[in-house]
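Undergrad: What follows is a single structure, and I will ask about it in a moment.
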Amino acid sequence: MLKSKTFLKKTRAGGVMKIVREHYLRDDIGCGAPGCAACGRAHGGPALEPQPQDPASSLWPRPHYLMPDTNVLLHQIDVLEDPAIRNVIVLQTVLQEVRNRSAPIYKRIRDVTSNQDKHFYTFTNEHHRETYVEQEQGENANDRNDRAIRVAAKWYNEHLKKMSAENQLQVIFITNDRKNKEKAVEEGIPAFTCEEYVKSLTANPELIDRLACLSEEGNEIESGKIIFSEHLPLSKLQQGIKSGSYLQGTFRASRENYLEATVWVHGDTEENKEIILQGLKHLNRAIHEDIVAVELLPRSQWVAPSSVVLHDEGQNEDDVDREEEREHLLKTAVNEKMLKPTGRVVGIIKRNWRPYCGMLSKSDIKESRRHLFTPADRRIPRIRIETRQASTLEGRRIIVAIDGWPRNSRYPNGHFVKNLGDVGEKETETEVLLLEHDVPHEPFSQAVLSFLPKMPWSITEKDMKNREDLRHLCVCSVDPPGCTDIDDALHCRELSNGNLEVGVHIADVSHFIRPGNALDQESARRGTTVYLCEKRIDMVPELLSSNLCSLRCNVDRLAFSCIWEMDHNAEILKTRFTKSVINSKASLTYAEAQMRIDSATMNDDITTSLRGLNKLAKILKKGRIEKGALTLSSPEVRFHMDSETHDPIDLQTKELRETNSMVEEFMLLANISVAKKIHEEFSEHALLRKHPAPPSSNYEILVKAAKSKNLEIKTDTAKSLADSLDRAECPAFPYLNTLLRILATRCMMQAVYFCSGMDNDFHHYGLASPIYTHFTSPIRRYADIIVHRLLAVAIGADCTYPELTDKHKLADICKNLNFRHKMSQYAQRASVAFHTQLFFKSKGIVSEEAYILFVRKNAIVVLIPKYGLEGTVFFEEKDKPKPQLIYNDETPSLEIEGTVFHVFDKVKVKIMLDSSNLQHQKIRMALVEPQISGVSIPTDISNVDLNEPGRKKRKFEK
């Protein structure tokens, strides 16, 4: 049956256009109940159970299916995802509304409906002859959709009666809309609120904790004084942003200080790019990563960023007076130059809430159901939740979602989602750090795995089309020990004309991952492989990453080769690119390759090739450094694991060999050569990588620190920075140069992927290269797969597809890749921090030499070279007399009881694991030398309990 609607529309040119919309109605759409004779087998995919065996509801003890409305799906998704809730009918009307309002929840619903065990059925009510409803005159879209849901519920109940009169199967309508519920009951449809239904499931009391706590705006001021000002409605915010009275930006909370945040203003304006917010009332219930509207305060009220470290550890939930006291700590006398634009949040444009990992801080009130949840991420405020499982959840990592933040509440309200496991356990903590950094780590779905090649796999004649056979070349790979995802291999040989041929051969991942399929979409979503201390979260399934794409030795593998002809001075005479087949003759570690190069007795083909590569790499590196490329430093650590327990037994900084540099030089050269080629061919849609030059203000800390040691660091260009770092030597203090390079690394901007058609500045500051991309690691980076596809089209080895030449689509891919790349780095750091804690837990208290990296108002940040470990030594502690501290920002220096500390000063510190806060177990450092009365701790300390005040939590330290 065909319904059509005709209307007239005026065009821009002033003409009139007749538009006809056709809507097809069918009577062969199945109801989803398997035993239904009327529908036959009209439904496909997951279906409802013929006799629902769901937990009995005291409100409706008979077998039933559930039909939720849009708001239940949007707000109570955590309840619906619980294994106890099954046999749910999701209407097309509801699904479309959810899709328009929340992409993440739409994805979660799609995942649930495709899970066969859940028995969720999607019913296409908008195309069913008997359930389609037209919008009546004067009826708004919302009311029409509510009516459509009620019509579908009523139809289902009549339809199910025909199927089986004796079993009385019915559909229960779940809605939190009071009016809609009343209308449903009037029409004879069984209807309950989500809370009523969940509370009626007496066999599953834990489900009540997962209910989202939704206070209606009007009823939120039920008790207590109003703490926060009202958020302005979106319409007023948009008007204010348009007129310039408000600014729109991303809210970034501080890890160091819960009473301070910054807002990064959207747009290109250089002025007021970053706005500081100080104090609870000015933060006005914004949460990290929210898009907010801020109002600039008058210049007389501007403040300077605070150097005080403040963490919210109060036990009293709503002690606002204490907060006001602490806010005074932030206000310190500062000179005019340090004042920054300051503002207050007037409204929220978009909430960016996610589920948060953390721990329950159990209420001191006996039998209380209301408790505070402390997130693992210090940038997120504590969340008030109601739970009946407090004693079970204490000492465990849990996930909580935020539901809202009333004006009279010091903290937001939320609900319990999931119990992850005991705090401190390796599996639990790894899960937490992956969730907290939004690293996709679920197993690859069957849909994704279905696009993998069938085993056993071998190279066919079809694969050899547009491909060169390079199996005769003496190719080898050089990687870290234990590496199974080998992306790259190299060769070097002398040509008959006396020149050298050098080849970089990269795994041809794009041969296996074809554009647009489920495998491609999943790789694009993950963006990068994440390397944790003892596990790897692959971007592509293991069959590809460790087998078919990995350039292992003595097996034929498909590759993408970049081959240069060079003279003996590493001058490039010719460059060519080709898809190829290679057979690696050796998979070496950096140490093995170095040993071959240094050996006086080894002269085989592989060793000769390595020596040729190493000689050229040194010339290439010298040339890069002369052009102004930076050689920076960051202390990387390596754990030695116990083979049985997998606990860290030793911790060392990574040793870098010549061979590390050799491989790096040729990877850089390949990336630059490919970048030039794809940009030449696709000037508007090449995927490139740039490293912006830091603003001069970023270098202040480095320049001041060097000045304190009578050294001058010039920062006007990358070349002058590189040269002044090379000159900054101090014979009496050899480690100083490394410290300066570590500090220079902290001044840098983040390198980012971008689409050439969307940007004019291509320059890579750190490499001093006018153009750069990533080509050499397609097994672990999705950017490289796109670059391979572009290069394949450029050399005629593969065909293009629409998305590849759509600069807006590429820009979106780049945005996701930049986010995933950043999160992967943070997750890796968190993994190192956790394993460092495990190491010191077993090692006990140790004393080591350290150097000061930064001075703060009440602390110094130090680096311990032996372990590559950074930590903070605090000089103000709770319940201890405060020492006299004088902070000088100009030098920068900190004077404590007459002893002055400068950046790079050598100190001695005690390192121990502080378990007093189970949630944030941390490496704690205390000053040993220089000796300062009442501040430093004695050198012979060994039996002092440094975990005070942790007595009451000891029961969890199993």
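The values are calculated or read from the model by the stated rules, or taken from the named source; none is laboratory data. Predicted model only: the values in this text are computed from it and were never measured. Heads up, the Cβs are rebuilt from the backbone with ideal geometry, glycines too, and the neighbour counts pull from every protein chain shown. What goes into the accessible areas is simple: the full protein's heavy atoms, side chains included, and nothing from ligands, DNA or RNA. Shrake-Rupley method; radii C 1.70, N 1.55, O 1.52, S 1.80 Å.
Undergrad: Once you charge only the Cβ atoms, +1 for Lys and Arg and -1 for Asp and Glu, what is the size of the charge dipole of segment 399-511 about its Cα centre, to the nearest 20 debye?
TA: 360
Undergrad: By per-residue mean of other Cβ atoms within 10 Å, what is the highest-first order of 770-782, 128-140, 691-703, 386-398?
TA: Those peptides, ordered most packed to least, come out 770-782, 386-398, 691-703, 128-140.
Undergrad: Can you give the FRET efficiency for Asp438 and Ile625, using 1/(1 + (r/R0)^6), R0 = 60 Å, r = Cβ-Cβ distance, to the nearest 0.05? Let's see the in-between values first.
TA: Numbers: r = 37 Å, r/R0 = 0.62.
Efficiency at R0 = 60 Å is approximately 0.95.
Undergrad: Based on the alpha-carbon gyration tensor of the chain and its eigenvalue square roots a ≥ b ≥ c, which shape applies: rounded if a/c is under 1.5, prolate if not and a/b is larger than b/c, or oblate?
TA: Verdict is oblate for the chain.
Undergrad: Quick check: from the Cα gyration tensor, does segment 372-439 come out rounded (a/c under 1.5), prolate or oblate?
TA: Judged from the Cα gyration tensor, segment 372-439 comes out oblate (a/c at least 1.5, b/c at or above a/b).
Undergrad: Highest first, please rank the peptides 575-584, 29-38 by the mean number of other Cβ atoms sitting within 10 Å of their residues. Before the final figure, lay out each step's value.
TA: On the way: 575-584: 20.5, 29-38: 18.1.
So the order, starting with the most tightly packed, is 575-584, 29-38.
Undergrad: Take the solvent-accessible surface of the protein heavy atoms, probe 1.4 Å, and return the percent of it on segment 580-632 that carbon and sulfur atoms account for. All intermediate terms of the calculation are to be shown ahead of the outcome.
TA: Values: 1480 of 2530 Å².
For segment 580-632, the apolar C and S fraction of the accessible surface comes to 58 percent.
Undergrad: Taking the C-alpha atoms of segment 481-576, how large are the radius of gyration and the largest Cα-Cα span, Dmax, in Å?
TA: For segment 481-576, the Cα radius of gyration and maximum Cα-Cα distance read 16.7, 49 Å.
Undergrad: Under a Cβ-only charge scheme (Lys and Arg +1, Asp and Glu -1), can you give me the dipole magnitude of the chain about the Cα centre, in debye to the nearest 20?
TA: Numbers: 131 positive and 135 negative charges, 262 e Å.
Here the chain has a charge dipole of around 1260 debye.
Undergrad: Turning to a different aspect of this structure: Find how much the distance from Tyr801 to Gln168 grows on full extension, using 0.36 nm per residue of separation minus their present alpha carbon separation; answer in nm with one decimal. Each step should come with its number before you reach the end.
TA: Working: separation 633, 0.36 × 633 = 227.88 nm, distance 5.42 nm.
Stretched fully, the Tyr801-Gln168 segment lengthens by 222.5 nm.
Undergrad: Hand me the GluC sites (Glu not before Pro) from segment 405-456 located in a DSSP loop with no more than 16 other Cβ atoms within 10 Å, in residue order please.
TA: Glu425
Undergrad: So, one more: Which order do the peptides 183-195, 501-513, 593-605 come out in when sorted by mean C-beta neighbours inside 10 angstrom, highest first?
TA: Result, highest mean first: 501-513, 183-195, 593-605.
Undergrad: Let me ask you something else. Please report the relative contact order for the chain, taking Cα pairs under 8 Å with a sequence separation of at least 6, and give it as a percent rounded to a whole number.
TA: 7 percent.
Undergrad: Continuing with the same structure: Evaluate the distance, in nm, between pseudo-label points positioned 7 Å from the Cα of Asp759 and of Asp111 along their respective Cα→Cβ axes.
TA: Calculated label separation equals 3.1 nm.
Undergrad: At 7 Å along Cα-to-Cβ for each site, give me the label-to-label distance between Ile291 and Ser368 in nm.
TA: 3.8
Undergrad: I need to check one value: relative contact order of segment 383-511, counting alpha carbon pairs closer than 8 Å and at least 6 residues apart, in percent.
TA: 13
Undergrad: Rounded to whole Å and sorted largest first, list the principal axis extents of the Cα atoms in segment 720-846.
TA: Result for segment 720-846: principal-axis Cα extents of 60, 42, 24 Å.
Undergrad: Further, regarding this structure: Can you work out the FRET efficiency for the pair Asn603 and Arg99, with r the C-beta to C-beta distance and R0 = 60 Å, to the nearest 0.05?
TA: E between Asn603 and Arg99, to the nearest 0.05, is 0.35.
Undergrad: Based solely on its DSSP helices, what 222 nm [θ] is calculated for the chain when runs of n ≥ 4 H residues each add -39,500 (n - 2.57) and the sum is averaged over all residues, nearest 500 deg cm²/dmol?
TA: After summing the helix terms and dividing by the residues of the chain, the value is -8500 deg cm²/dmol.
Undergrad: Run through all the Cα pairs of segment 32-175 and give the fraction in each 10 Å bin from 0, expressed as whole percent.
TA: 11, 43, 36, 10, 0
Undergrad: Label 7 Å along Cα→Cβ of Glu712; segment 724-741 residues with amide nitrogen under 20 Å?
TA: Counting backbone N atoms under 20 Å from the label point, the list is 724-731, 737, 740-741.
Undergrad: Please label the shape of segment 420-517 as rounded, prolate or oblate, based on the square roots a ≥ b ≥ c of the eigenvalues of the alpha-carbon gyration tensor (a/c under 1.5 means rounded; beyond that, a/b larger than b/c means prolate, else oblate).
TA: It comes out oblate by the Cα gyration axes.
Undergrad: How far apart, in nm, are two points set 7 Å out from the Cα along the Cα-to-Cβ line at Ile937 and at Lys242?
TA: Going by the 7 Å Cα→Cβ label model, 6.1 nm.
Undergrad: Another question, if that's okay. Which whole-number percent is the relative contact order of segment 739-821 (Cα, under 8 Å, 6+ apart)?
TA: Computed over segment 739-821, the figure is 29 percent.
Undergrad: A further question on this structure: Given a Förster radius of 22 Å and the C-beta distance between Glu468 and His568 as r, what FRET efficiency does 1/(1 + (r/R0)^6) yield to the nearest 0.05?
TA: Efficiency, rounded to the nearest 0.05: 0.30.
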